[in-house]
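A quick write-up on the structure given underneath.
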Amino acid sequence: MAQQAAKQMAKDLINQTGEMSEDLDDVLNDDVESTLHDLSDNNNKEDLKTHGRIRSNLCGTIIELEQGRSKVTLQTTKDMVVDDMGLIHSGFIFGAADFAACAAVNESNVVVIGSRSKFFAPAKINDLIEFEATAKFEDSRKREIKVSGYINEIRVYEGVFHAVVLENHIFKTKIKHLRRNEES
């Protein structure tokens, strides 16, 4: 229930931004981000095994985390805007979807190895995008994760991510075909 209340408060704050000056808009975004960040820290941060140092202001905030499932919200900000109309760069949307996918797998050494994405509608400054991710094949090292993103019940993103769970961090994993020394 606390998650719903925090989410509703964030949406209410966002809806008020159109009537405020740009200076107040910055403060409001900080308040929304702080609320969502606090929600993530209180309810899910201790359960998250991956992406522990991710920046929630760029890649989203976990609002729900279960085995094989996650929900992440991304509050769009002026730092994500690409033009004078307030259009958000799709890379931020993809980054939040990727984070939701990894959180759904929730293994310390999960690495996305591929994806297919569809963007159905644009996002604008001050939108709150909610991503829902569901992972399949939990008993395998390879995972497939479906992610959908919504703004106020309107689907704006859909993607399928392919990930692998490694025994060690990818930088500590020796991958023979990538090593140049062995080609000589």
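Looking at region 107-173, I'd like the Rg to Rh ratio, where Rg is from alpha-carbon atoms and Rh is Kirkwood's inverse mean 1/r. It would help to have the intermediate numbers written out before the result.
Values: Rg = 14.4 Å, Rh = 13.3 Å.
For region 107-173, the value is 1.08.
For the residue pair residue 124 and residue 85, what label-to-label distance in nm results when each label sits 7 Å from Cα along the Cα-to-beta-carbon direction?
Going by the 7 Å Cα→Cβ label model, 1.0 nm.
So, counting K/R as plus one and D/E as minus one, what does the shell of residues with Cβ under 15 Å around residue 112 add up to?
On the way: positive: 116, 136, 141, 142, 143, 146; negative: 98, 107, 144.
It works out to a net charge of +3.
Residue 141 to residue 109: extension gain in nm, 0.36 nm per residue of separation minus the Cα-Cα distance? Spell out each step's value before the answer.
Working: separation 32, 0.36 × 32 = 11.52 nm, distance 1.04 nm.
Gain on extension, residue 141 to residue 109, equals 10.5 nm.
Where does each of 79, 84 land when they are ranked from fewest to most other beta-carbon atoms within 10 angstrom?
Values: 79 12, 84 6.
Lowest count first: 84, 79.
Restricting attention to region 105-167, which chymotrypsin sites (Phe, Trp or Tyr not before Pro) occupy a DSSP loop and are surrounded by at most 15 other Cβ atoms within 10 Å? List each step's numbers first, then the result.
Working: sites: 119, 120, 131, 137, 150, 157, 161; in loops: 120, 137.
Loop-located and lightly packed - 120, 137.
Coordinate-derived values only; no laboratory data. Computed from a prediction, not measured in an experiment: that's the story for all the values here. Reconstructed Cβ throughout: ideal geometry from the backbone, glycine too, with neighbour counts over all protein chains shown.
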